[in-house]
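Worksheet: one structure, shown below.
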Amino acid sequence: MQKKVPSAPRKSAAPQPPRQSPPWLLLVIDCVLIGVSLLVFALFDHVIPERQAAVPVAQVQVTAQPVAASTEAPGQAADGDVALLQPTETPAPAVGDFSQKFADKFTDGEVIQTENSYQSANLNITLTRYDFTVGDYEQAVYVQDIYVRTIDCFHRRFAEDTFGKAITEGVLSMANRSNAVAAVNGDYYGHNNGGIVICDGVMYRDNFGADIQTLVLFRDGTMKGYTDASQFDARQVMADGAWQSFSFGPLLVVDGQVNPRGYASSNHDPRTIVGMVEPGHYMFIVIDGRQSGYAEGMTYGESAEFCQKLGLQVAFNLDGGKTSQMTFQGAIANQPYKNGREISDIAYVAEP
């Protein structure tokens, strides 16, 4: 019987040293890591802070469809609607509160209404119709004398609650939807792309536009007219507390005086005017016209002189002609030419 000879133990393979990456590969990896680090640093140190500081007040989508032009509009179209960036470092401006200044104009809470007046804890409005002649021209002028407790009673509204071209709505429809006590047509901003559009403290368009003037109502209750783009600094105006704006013109009265830079027009037409006697005390005015035997309308110069006689320190002409319409307590107050037209916006006062 053969004896099995035990086999010799198998020797283990000697461990091999780890393969080293070539020097050029290590250099490439180092460069990539350094590049990634720099990108992350730049993202958190520069890009993200800049984007956070540049949040626009409003992002606006504007349709490119043509809009029917008002024959009374003096403006010319310009390119683009721009949402303005609000400076974050500027402290909030003072808000106009006139409760003490005009304490005798407001009630303790009750609402007192007549056919031609409205009085509450926040508003005091009187509607007056003036019938007279200027030369051979008969006139019928409707004036709403308005006191507000705070500037938050003074608003602007867009047709269909949407900013953009080719969007229109009836003045009365907008007024009633806003619960407006008193309202007039606005500047018909949708007629073109030119002009400043500020609504309730938000700037929707910063494009002064050729042949267009601008009126700004600030949150402290003051009104200021701008007749030239070189006078208007959008960021500064917003920082100063712009509350509403209207772009049309001309600016009829400045510092209580007839503006000598008004348009030299001899046309007798319906007019719509917004003005300020002093902060907290405003007027809406509609001059009917183009209706023989009732009212012919006024020229810009005649309109300015009438506003001055009313005591307005600032008066600004809005869109007129068929656009000129006024509402009071839920009804049309004047007699619009050819029953008026649908437009893009209104100015109004309402309970806060």
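Coordinate-derived values only; no laboratory data. On a predicted model such as this, the values are computed, not experimentally measured, just so you know. Cβ sites come from the backbone with ideal geometry, for glycine too, and all protein chains shown count toward neighbours.
Here are a few things to note about the model shown:
- Total formal charge among the other residues, if their Cβ is under 13 angstrom from that of G170, Lys/Arg +1 and Asp/Glu -1: 0
- Sorting 299-309, 107-117, 189-199 by average packing, meaning the other beta carbons within 10 Å per residue, from highest down gives 189-199, 299-309, 107-117.
- Alpha carbon centroid spacing (whole Å) that separates the range 255-294 from the range 95-131: 23
- Spin-label proximity, Y137 to the range 280-307 - amide N less than 19 Å from point 7 Å beyond Cα toward beta carbon: 285-307
- Each of V258, V349, G201 was scored by the projection of its Cα onto the charge dipole of the range 103-349, and the greatest displacement toward the positive side belongs to G201; charges sit on the C-beta of Lys, Arg, Asp and Glu.
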